[in-house]
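Accompanying notes for the structure given below.
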Amino acid sequence: MEILGKIFGSTARVKIMRLFISNVEQTFESKDIVARSRVNSAVVRKELSLLSSIGFIKKKKQGYYFNLSFQYARQIENLIVGVDMFDRNALLKTFKKAGKVKLIIVSGAFIKSKDSRVDLLIVGDKIKRKTVEDGLKKIESEIGTELTYAVFDTEEFVYRLNMYDKLVRDILDFTHEVLLESKELSTQYLKKP
């Protein structure tokens, strides 16, 4: 994000551009952009003005939307969304603070797979949901899209795994990336049907 921020002039601009590119069908009011991008309202107003002036976004009564006919839309999308949008170490650091985390799996938006039901799976004990939600909001503001997630305590996850729970199987059987796996869960996790 830092490199793109330097190329585009600010990380706030990159966050706002990602928000529009990742949600091309949506229209956003200024307050929604402030909340979703976690950029203060004065900066959002300035960036919206600039992005409108170059034709990147358009405004209508309900708010702002991405201009699909913007002449550099594809190139900017490839540059802004095509890059690896999350730092694995930062993600691990964020969610390890949530409790005794034993398994973290990313899929969906993190690995650019539209077929995933869940973007993030966290398994552990004494997981603080507020910490997870705060971490997700920060990540959502950087990647420009809302994330879906599942959090299970270890016992429930193992039970679901052994019962061939559809959600758990959908996560494990389709494209995903394991960021953290404890020894305790690795034997359970590797056990396939």
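The figures follow:
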item	result
Whole-Hz couplings from phi, Karplus 6.51/-1.76/1.60, listed for segment 166-174; x for Gly and Pro	4, 4, 4, 5, 4, 6, 6, 8, 10
Alpha carbon centroid spacing (whole Å) that separates segment 95-115 from segment 117-167	7 Å
Net lengthening on full extension, Q71/K46 (0.36 nm per residue, minus Cα-Cα)	6.8 nm
Label point at K126 placed 7 Å out along Cα→Cβ; residues across segment 157-173 whose backbone nitrogen lies under 20 Å	157-158
Listed values (i) 43, 39, 30; (ii) 117, 40, 34; (iii) 56, 31, 28, entry calculated as Cα extents along the principal axes in Å	(iii)
Bridge type composition, the chain - antiparallel percent by DSSP, nearest 5	75 percent
I57 long-range amide H proximity, modeled H, under 5 Å	S52, N67
D153 versus F174: modelled label distance in nm, points set 7 Å from Cα along the beta carbon direction	2.9 nm
Hz values of 3J(HN,Hα) by residue in segment 47-59 - Karplus curve (6.51, -1.76, 1.60), Gly and Pro given as x	5, 5, 4, 5, 5, 5, 5, 9, x, 5, 10, 10, 10
Residue-averaged [θ]222 nm for the chain, counting only DSSP H segments that reach four residues, each worth -39500 (n - 2.57)	-14500 deg cm²/dmol
Approximate spin-label separation K61-N78, in nm, with each point projected 7 Å along Cα-to-Cβ	3.9 nm
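Every read-out reported here was derived from the displayed coordinates using simple, explicitly stated rules and does not represent laboratory data. Please read these numbers as outputs of a predicted model, since none were measured by experiment. No Cβ is skipped: glycine too gets one built from the backbone with ideal geometry, and neighbour counts run over all protein chains shown.
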